Structures are given as structure tokens and as C-alpha cells.
1. With θ taken as phi - 60° and the coefficients 6.51, -1.76 and 1.60, list the Karplus ³J(HN,Hα) couplings across region 141-146 in order, rounded to whole Hz; mark glycine and proline as x.
2. Can you tell me the dipole magnitude for the chain around its Cα centre, using point charges on the Cβ only (Lys, Arg +1; Asp, Glu -1), in Debye to the nearest 20?
3. Assuming R0 = 41 Å, can you tell me the calculated FRET efficiency for the pair residue 183 and residue 27, based on Cβ-Cβ distance, to the nearest 0.05?
4. Run the accessible area of the chain with a 1.4 Å probe and give the carbon-and-sulfur part as a rounded percent.
5. Compute the angle between helix 41-51 and the longest alpha-carbon principal axis of the chain, please, reported from 0 to 90 degrees and rounded to the nearest 10.
6. Do me a favour and compute the ellipsoid semi-axes for the chain from its Cα gyration tensor, root of five times each eigenvalue, largest one first, whole Å.
7. Which peptide among 95-101, 35-41, 210-216 comes first, and what is the full order, when sorted by highest mean count of other Cβ atoms within 10 Å?
8. What do you get for the angle between helix 204-213 and the principal long axis of the chain? Use alpha-carbon atoms, 0 to 90 degrees, nearest ten.
Amino acid sequence: MDGLRRTGLAAAGLALFVLVWEALPRLGLFNPMLLPAPSVIPAAFWAELQSGAWSAAVGASLGHYTIGLVTGAVLGLIAGVATGMSRLAEDMSSWVVRVLRPIPGLAWVPFAIIWFGVSPAAAVFIIAIGVFWIVFFAAHGAIRGVDRDLVEVAEAFGFRSARERLTKILLPAAMPGILVGLRTALGQAWMAVVAAEIFGVPGLGQRMIQASSLLATELVVVYMLTMAALYGILDTVFVAVQGWVLRWKA
């Protein structure tokens, strides 16, 4: 019963939000060219879908997103696990991390253009950098957080090699923390998609910039909602996979 009440309140809040949004431009309280009413969004989406522009933009961005996410996550996982397992690796990389970590992803755009040109590879590079640091710190912290007593007990039972400690003890124990980082990276990668595409790489970000330059704000909203929907689907799938991977905790 409490769940139904909360769902009802959430739906009512969303409906109120949409009604206020619809009223602002219709009552002349906001310029419709700057804030389109929700009622014009479906028609704008249908026109974009029929033209093929929506499908092309979504396909291009999903390609950049997937490759950048996987690349950044794999590299971040390897580096995070390595520095988490080895104090020597952590000490040697600590100042490098302190220098590079504060640099925002957008600051790498000039190098991305110089190295890769205005190409999908440049977008992948920007996305991978944003994902890398999230997964790196999640993996490093999760490995470091494994109970040392657990490792000592494992060694007493014969798991003494680095490979055995990693696969039998550290990774299973650290997996919940690593998966939290990966889930965070899913959202960070979508934010990086826009930053990676605004300088001309085909995709959702480029289409949004094109629409905003023409004051076609209804199309900007279409692509904003598209990104939200895609993230929602991916996050739902990830949560299901996370539940399966961590089924031993149930």
C-alpha cells in the first residue's frame, strides 16, 4: 500500500511539472522559442524520426558511447586493481594521478582534435577519459577495502600466488564496489558524449548544437529526453546484470 502511495505521489509530481511547463509558454510567461511547450515535442520527434536524423544520431552516439565506456572501464579496472594490489605500483603512480585527475574531460578536447581529428575516435577518447577515473578509483578503493584477514586465511589454505589471490579472493570480495563504480560510469559516459560531440563529431551532441543554433529548442528537448531514455534503459539492464553477478550475496 505504501508503495502504491509513493508511486501515485511521484506520478502526480511529474504531471504537475509537465502542466507548469506547458503553461509557461502558453500564457506568455516564457518565450516559446526559448522554452517549447511539452505538447510540441511529440510532433518534433516524429518529424526527426521520419527524416532519419534521429536514428542516425542515436546510432552514432551509441557507437561512441559503447567503445569509450568499454575502453575506459577496462583500462580503469586494470590500473585500479594493479595499484590496489601493489603498494609499489600505488606509490609510483600517486603523483601522476594527482596531476592528471583534476583535469576535466573538456580540457582534453584540443588534444583529441590534434591527435584524432574531428572523428569518432576523438569522441571515444574523451568518453574513455571520463570513465577511466571513475572506474580506477572504484576498483582501487574496493581492492584496498578487502579485509586483510580474509587474504591471510586464503594464503593459509594455499592461495599464495598473485593470480590466485586476485581471482579467488580480491575480485569476488571487491566486486560490489567495482560494480558501483561501473554503474556511475554509465551516467558519466553519457555526459561525456555531449562534450565529445559538440565540436563536430556526428551524434546526439552535434544534433543538439545544430538545433540550438537554429533556435529549434523542441529538437534540443527531443535529444535531451532521448539521452535520458537511453540511460534509463542501460541502467535498468545493468542493475539486472549486477543482481545476477551478486546473487551470492542474497
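1. Going residue by residue, I get x, 5, 5, 5, x, 5 Hz, with x marking Gly and Pro.
2. Numbers: 16 positive and 13 negative charges, 84 e Å.
Result for the chain is approximately 400 debye, rounded to the nearest 20.
3. So, using R0 = 41 Å, E works out to roughly 0.50.
4. Numbers: 10420 of 14270 Å².
Carbon plus sulfur share of accessible area: 73 percent.
5. Helix 41-51 and the main axis of the chain meet at about 80 degrees.
6. Values: eigenvalues 344, 124, 42 Å².
Semi-axis lengths for the chain are 41, 25, 15 Å.
7. Details: 95-101: 10.9, 35-41: 16.3, 210-216: 13.6.
Descending mean neighbour count gives 35-41, 210-216, 95-101.
8. Result, in degrees: 30.
The values are calculated or read from the model by the stated rules, or taken from the named source; none is laboratory data. These figures come from a predicted structure and were not determined experimentally. Note: ideal-geometry Cβ built from the backbone for every residue, glycine included; neighbour counts use all protein chains shown. Accessible surface is based on the protein model in full, side chains and every heavy atom, while ligands, DNA and RNA are left aside. Shrake-Rupley method; radii C 1.70, N 1.55, O 1.52, S 1.80 Å.
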